[in-house]
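The values are calculated or read from the model by the stated rules, or taken from the named source; none is laboratory data. Remember, predicted model here, so these are calculated numbers, not experimental data. Methodologically, a virtual Cβ is constructed for each residue, glycine included, from the backbone with ideal geometry; neighbour enumeration extends over all protein chains shown. Please note that ligands, DNA and RNA were not included when accessible areas were found on the heavy atoms of the full protein model with its side chains. Shrake-Rupley method; radii C 1.70, N 1.55, O 1.52, S 1.80 Å.
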Amino acid sequence: MNKPEKPTPSKLTGLFFGSFNPIHFGHLCIAEFLVEFGGLKEVWFIVSPHNPLKDKATLLSDQYRLEMVEAAIENDERFRVSDIEFRMPRPSYTIDTLARLSEQHPDRQFVLIAGTDVLPSFHKWKNYEQLLDQYRLMIYPRHGDEDHPLLSHPSITVVNAPRIEISASFIREAIKNGKNIRYFLPDKVMKIIEKMGFYLR
């Protein structure tokens, strides 16, 4: 009796990891570009409870950041938000999350989405060599590090996405200083921030 064939991954799905503290139009423009022009079928926003390389003290609670991403992508079938890392050992590591998602969704081929700004510290990621061996990465341009040696790695594809230099830290600082940033964020995200008084201090 022949063994059943292993399912062939058919849905090219980008995984956009981040704190999303808060999510903003920079994140959304990158995700849309990669779906409409980069060949991805979907982009999943993986909300990280704590990036081991970042200061945890600056993070809003997991649930509030998840709520803001849900509000930002509501009713858009191209995008999905995942809280999978909320239920995994902390600190969470990208390679472990990728392994868990690949096991849960054998019909999907996952691609890691990241900016060139992650490259200088990429060697600090857990099992980064295994990650490069087993998964593809789509790297979009950020200020600096455009000539990093890893950009020539066969597992890395550099995408010619628009350069959008908006950062969550800029938005948090602007809100703290009372600036009007309504055009940097989706309306529903801005309403949550205003209602809850986030980032005022």
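Determine whether Asp96 is in a helix (DSSP H, G or I), modelled with pLDDT of 95 or more and over 20 Å from His153 (Cβ atoms).
Details: in a helix (DSSP H, G or I): yes; modelled with pLDDT of 95 or more: yes; over 20 Å from His153 (Cβ atoms): yes.
When the stated conditions are applied, Asp96 passes them.
Which one is surrounded by the fewest Cβ atoms within 10 Å (Cβ to Cβ), of the residues in the range 167-188 that are closer than 22 Å to Ile113 by Cα and of a type outside the set (Gly, Ala, Ser)?
Let us first name the residues in the range 167-188 that are closer than 22 Å to Ile113 by Cα, namely 167-171, 184-186.
Right, trim to of a type outside the set (Gly, Ala, Ser) and you get 170-171, 184-186.
Working: Phe170: 15, Ile171: 24, Phe184: 19, Leu185: 23, Pro186: 19.
Only one residue fits best here, namely Phe170.
Hey, His148 hits all of (1) touching a Pro at 6+ places or on another chain (Cβ under 8 Å); (2) within 26 Å of Lys41 (Cα to Cα) but one; which does it fall short on?
Going through the list (1) touching a Pro at 6+ places or on another chain (Cβ under 8 Å); (2) within 26 Å of Lys41 (Cα to Cα), His148 breaks only (2).
Look at the range 60-89 and say how many of its residues are touching a Lys or Arg at 6+ places or on another chain (Cβ under 7 Å) and either surrounded by 20 or more Cβ atoms within 10 Å (Cβ to Cβ) or within 11 Å of Asn21 (Cα to Cα) (or both).
Counting residues in the range 60-89 that are touching a Lys or Arg at 6+ places or on another chain (Cβ under 7 Å) and either surrounded by 20 or more Cβ atoms within 10 Å (Cβ to Cβ) or within 11 Å of Asn21 (Cα to Cα) (or both) gives 1.
Which condition number does Asp96 fail, the rest of (1) among the acidic types (Asp, Glu); (2) free of Cβ contacts under 8 Å to residues at least 12 places away in the same chain; (3) surrounded by 14 or more Cβ atoms within 10 Å (Cβ to Cβ) being met?
(2)
Go through the residues of the range 155-166 one by one and say whether even a single one is of a type in the set (D, E, K, R), open to solvent by 20 Å² or more (accessible area, probe 1.4 Å), closer than 18 Å to Phe37 by Cβ and modelled with pLDDT of 95 or more. Lay out the reasoning, then the answer.
Within the range 155-166, the first condition is being of a type in the set (D, E, K, R), and the residues that meet it are 163, 165.
Applying the additional criterion that residues be open to solvent by 20 Å² or more (accessible area, probe 1.4 Å) yields 163, 165.
Okay, now just the ones that are also closer than 18 Å to Phe37 by Cβ, so 163.
In the following step, the residues that additionally are modelled with pLDDT of 95 or more were identified as none.
So far as the range 155-166 goes, no, none of its residues is of a type in the set (D, E, K, R), open to solvent by 20 Å² or more (accessible area, probe 1.4 Å), closer than 18 Å to Phe37 by Cβ and modelled with pLDDT of 95 or more.
So, of the residues in the range 135-154 that are modelled with pLDDT of 95 or more and open to solvent by 70 Å² or more (accessible area, probe 1.4 Å), which turns out to be nearest to Glu36 (Cα to Cα)?
Filtering the range 135-154 for residues that are modelled with pLDDT of 95 or more and open to solvent by 70 Å² or more (accessible area, probe 1.4 Å), the one nearest to Glu36 (Cα to Cα) comes out as Arg136.
Can you find, within the range 1-35, the residue that is farthest from Thr97 (Cα to Cα) among those that are modelled with pLDDT of 95 or more and assigned to a loop (DSSP other than H, G, I, E, B)?
Out of the qualifying residues, it is His24.
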